[in-house]
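The values are calculated or read from the model by the stated rules, or taken from the named source; none is laboratory data. This structure is a prediction, so every number in the text was calculated from the model and none was measured. Heads up, the Cβs are rebuilt from the backbone with ideal geometry, glycines too, and the neighbour counts pull from every protein chain shown. The accessibility values were calculated without ligands, DNA or RNA, using every heavy atom of the protein model including side chains. Shrake-Rupley method; radii C 1.70, N 1.55, O 1.52, S 1.80 Å.
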Amino acid sequence: QVQLVESGGGLVQSGGSLRLSCATSGFVFATKAMSWYRQAPGKERVWVAGIASEGTYTNYADSVKGRFTISRDNARNTVYLQMNSLKPEDTAVYYCKVNWRNTNYWGQGTQVTVSS
């Protein structure tokens, strides 16, 4: 079965950094694009960043462009999100996602809290 497990969240002050990881199993990771989403309290889940299967092409939501970097290690079946210059509005539960055989799979999420 497909499994995605996020880690690396925590409490950080404004301007700080965190690196999130998403360890995956149950599908051919190296052939699939991966994405990060987040959901703030009282808000809908929104897309944050995406990366192509080979890692060459990445794209980002305007709200995080220039601050966040998505990357992947196909040898470890893991996708990362480096988050710098964090702001209180980045506070959310962060999820990784893959579409495998026309189905979206999500991890359990990891909480990121940015204090002012």
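What to note about this one:
- Of all residues in region 27-40, those that are touching a residue at least 12 places away in the same chain (Cβ under 8 Å) have Cβ atoms under 6 Å from Cβ atoms of residues that are open to solvent by less than 50 Å² (accessible area, probe 1.4 Å) and assigned to a loop (DSSP other than H, G, I, E, B), 6 or more apart or on another chain, in F27/V2; T31/S53; K32/S53; A33/A52; A33/S53.
- Any hit, region 105-114, residues being under 11 Å from the mean Cα position of the chain (by Cα), of a type in the set (S, T, Y) and within 21 Å of G10 (Cβ to Cβ): yes
- Residues satisfying the stated conditions in region 66-109, i.e. of a type in the set (A, V, I, L, M) and not in a strand (DSSP E or B): A75, L86
- Residue within region 87-95 that is of a type in the set (S, T, N, Q), over 14 Å from C22 (Cβ atoms) and either surrounded by fewer than 19 Cβ atoms within 10 Å (Cβ to Cβ) or in contact (Cβ under 8 Å) with a residue 12 or more places away in the chain (or both) present: yes
- Pairs, first outside any strand (DSSP E or B) in region 45-65, second among the polar types (S, T, N, Q), C-beta under 6 Å, six or more apart: R45/Q39; S53/T31
- Of all residues making up region 54-74, the number that are of a type outside the set (D, E) and exposed (fewer than 13 other Cβ atoms within 10 Å of the Cβ): 5
- Qualifying residue in region 28-44 (condition: touching a helix residue (DSSP H, G or I) at 6+ places or on another chain (Cβ under 9 Å), at pLDDT 95 or above and outside any strand (DSSP E or B)): yes
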